[in-house]
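K.L.:
Shown below is the structure under consideration.
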Amino acid sequence: PLQGSSYTETLGCCRGAGWEDHNKEIAGAPTVDLCAAACSADPTCLAFDILRNGGDCYVFSVEVTGTLSGCPPDARCFIKSLPPSEAPRPRVPPSTPPPWLPPLAPPPPPPTSPPPSPPPSPPPSPQEFSPSPSPASQPIPPFFPPPPAPSPPLRQGPGYLCDNINCSDCTQTSMELGYGDYSGTIPPHFGLMTLLTNLNLRNNRISGTLSSQLSQLTMLQSLKTPTNSISGTVTPQLAQLSALQTIWFDANGFSGTISPELAQLTSLSRLSLHYNDFSGTIPREFAELTRLRNLALQVNDLSGSIPYELLQSTNVDECSLKPGNVMLSCVPEANSTTSCGRAASEIPCAPAIPPGSPSPPGVPPSWPPPLQGSSY
């Protein structure tokens with residue numbers, strides 16, 4: 001049981017009343033109990049979310065209206081149960097009209113005597129007639145808050161991307177911008193933040209292409225952009241990031257071929273390119289990545305044969321090629337002792353064609369043709 005206050009636990013990440021879902025990150029609270037203690041000690045904290053087994057702790061000073069989809073499976077949202085005396089009060093008292101409603105006109109004084117009837121006016125012509133309801137029939141706008149602000153653009157500036165006071169000195173080393181509902185494109189001036197080691201943009205609404213300026217982040221170790229709408233090709237210039245260990249580009253709209261220059265990232269341990277539109281063949285050079293442990297290529301349009309060197313690699317612990325990639329060639333005798341070998345064995349092979357049978361559409365005839373006249 002959590003200490004200090006009562007909490008209601010729900011599955012997923014908390015969703016605040018505004019777009020600022022994660023209001024404040026609490027450092028030094030890697031467990032659920034420590035995060036709950038920090039929230040209980042903060043009178044403005046209404047909820048917090050954290051991974052069930054510990055991790056980054058985020059507290060919320062706005063009312064939590066639900067949970068976000070696409071969160072890690074072990075994410076949990078804890079909503080504080082406040083007594084009635086401590087429940088948050090509305091920002092505008094009910095007796096005061098909210099500022100976004102038009103001011104109401106004061107009621108007219110009661111008439112002392114019936115006003116004289118105005119003379120009848122001629123009916124308006126069809127071109128001039130525009131019916132309008134009487135003031136008494138006009139509905140009073142309901143007491144609702146204004147619509148939520150649009151998604152914040154992904155740009156540099158105070159309060160957006162910098163974890164220091166002066167955003168111009170570019171000294172930040174980590175950017176955790178996941179699940180922020182950011183939109184727009186990746187700014188080219190990200191390349192000025194040369195001290196970055198971690199850039200996480202996952203689960204937003206970012207579009208456009210990868211900026212070539214990212215190749216200037218020579219100290220970058222982790223680059224994560226999954227679950228966005230980024231398109232275009234993966235620039236070969238990323239091979240200049242020699243310190244890069246993790247690439248998560250899954251669930252976007254990337255296309256084109258997979259650049260073999262990525263094999264120059266000798267420190268790479270995880271490469272996730274699944275759920276995109278990559279085509280072409282799997283680069284044979286990937287077998288040279290001796291530190292690669294996780295390779296995810298499923299749900300693309302890859303074709304051709306799987307490199308033999310990759311099938312024999314014992315470095316890769318998790319290799320995923322299916323579903324998708326329907327044009328990959330099957331490997332009847334794949335090495336079942338390696339991860340990529342087991343993944344290749346899931347690719348079905350076409351049934352053997354009996355001798356003398358016509359080739360099905362799209363399948364070339366056997367070559368060389370059988371010799372006639374004798375048996376050999």
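The values are calculated or read from the model by the stated rules, or taken from the named source; none is laboratory data. Given the structure is predicted, the values throughout are model-derived calculations rather than measurements. Virtual Cβ from ideal backbone geometry, glycine too; neighbours counted across all protein chains shown. Each accessible area value is taken on the protein alone, full model and side chains, heavy atoms only, with ligands, DNA and RNA left out. Shrake-Rupley method; radii C 1.70, N 1.55, O 1.52, S 1.80 Å.
K.L.:
Check whether at least one residue in segment 230-237 is in contact with a helix residue (DSSP H, G or I) (Cβ under 6 Å, 6 or more places away or on another chain) and closer than 19 Å to Ile347 by Cβ, and report yes or no.
P.N.:
no
K.L.:
Across segment 32-55, what is the number of residues that are surrounded by 13 or more Cβ atoms within 10 Å (Cβ to Cβ) and either within 18 Å of Cys71 (Cα to Cα) or modelled with pLDDT under 70 (or both)?
P.N.:
So the count comes out to 9.
K.L.:
Failed condition for Pro370, given (1) within 30 Å of Pro260 (Cα to Cα); (2) at pLDDT below 90, with all others met?
P.N.:
Pro370 satisfies every listed condition except (1).
K.L.:
Here is a follow-up. Please work out which residue is surrounded by the most Cβ atoms within 10 Å (Cβ to Cβ), limiting yourself to segment 278-336 and to residues that are outside any helix (DSSP H, G or I) and acidic (Asp, Glu).
P.N.:
Ranking the qualifying residues of segment 278-336, first place goes to Asp301.
K.L.:
If you take the residues in segment 279-299 that are of a type in the set (D, E, K, R) and out of contact with any Pro (no Cβ under 6 Å at 6 or more places or on another chain), which one is farthest from Gly341 (Cα to Cα)?
P.N.:
Arg291
K.L.:
Continuing with this model, one more query. How many residues does segment 1-15 contain that are modelled with pLDDT of 65 or more and either open to solvent by less than 80 Å² (accessible area, probe 1.4 Å) or farther than 25 Å from Asn203 by Cα (or both)?
P.N.:
Within segment 1-15, residues that are modelled with pLDDT of 65 or more and either open to solvent by less than 80 Å² (accessible area, probe 1.4 Å) or farther than 25 Å from Asn203 by Cα (or both) number 7.
K.L.:
Sticking with this one: Would you be able to tell me the number of residues in segment 276-302 that are under 27 Å from Ser207 (Cα atoms) and out of contact with any His (no Cβ under 8 Å at 6 or more places or on another chain)?
P.N.:
12
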